[in-house]
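Step one of this worksheet: look at the structure below.
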Amino acid sequence: MFRRIPPHRLSTTLTALLALALGSGWAWREAVFAKERAALVASQTIGLDHVSMSVAKDKGEPVGKIGVYLNGETEASSSLVTGRFVIDPGKSPHAPHVHPDEEIMVIESGNGEIFCDGKTTKVGPGSVMYTEPNVSHNINNTGAEPLTFYYVKWLPKKAG
């Protein structure tokens, strides 16, 4: 009923199965790599008219509007986010906070105060804030008009 497989055929069969398993594993790895690569933020130019602004809230209350230009992984960053925020008069997007990302804010219009690394500074059009990772910061609109700023946050990839 059962036939004995000659040793040379068994060896050939095992070699073929091993080659098939390795080839399948390699193909799966390449498919995953291609999918991850496709998810990287691509080089591009985005106009303000292509940024969808939505209501921004802090503790359930509206504080202004926010729009995101780019959000994702890049070749050099595990996270890159850039956007535009319009803060209503007398409001702040959030209390002072920290995060592992570096961040830059550029004030386009309006007046306010930025708290950064223990110091509060009055800001207006053309002001820039930079914060290192894990440094407490926030922004408040102290003026009578909306305060608009642009922000860029990034988290470099770990070497290795």
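Details
- Normalising the Debye intensity of the range 85-126 to I(0), with uniform scatterers on Cα atoms only, and taking log10 at q = 0.17, 0.25, 0.27 Å⁻¹ returns -0.52, -1.14, -1.30.
- Each residue of the range 149-155 was assigned a 3J(HN,Hα) from its phi angle through the Karplus curve 6.51 cos²θ - 1.76 cosθ + 1.60 (θ = phi - 60°); the sequence is 9, 10, 9, 9, 10, 8, 10 Hz, with glycine and proline shown as x.
- Ranking of E108, E103 by count of other Cβ atoms within 10 Å, fewest first: E108, E103
- For the range 73-78, Karplus couplings with θ = phi - 60° (6.51, -1.76, 1.60), whole Hz, Gly/Pro x: 8, 10, 4, 9, 10, 6
- With q set to 0.13, 0.16, 0.23 Å⁻¹, the log10 of I(q)/I(0) for the range 48-156, from the Debye formula over equal scatterers at the Cα positions, is -0.46, -0.70, -1.40.
- For the range 91-103, 3J(HN,Hα) per residue [Karplus equation, 6.51 cos²θ - 1.76 cosθ + 1.60, θ = phi - 60°, Hz, x = Gly/Pro]: 10, 9, x, 5, 5, x, 8, 10, 7, x, 7, 7, 8
Each reported figure results from applying straightforward, stated rules to the coordinates on display, with no laboratory input. Since we're looking at a predicted model, the values are computed, not measured. Here the Cβ is made from the backbone with ideal geometry for all residues, glycine too, and neighbour counts use every protein chain on show.
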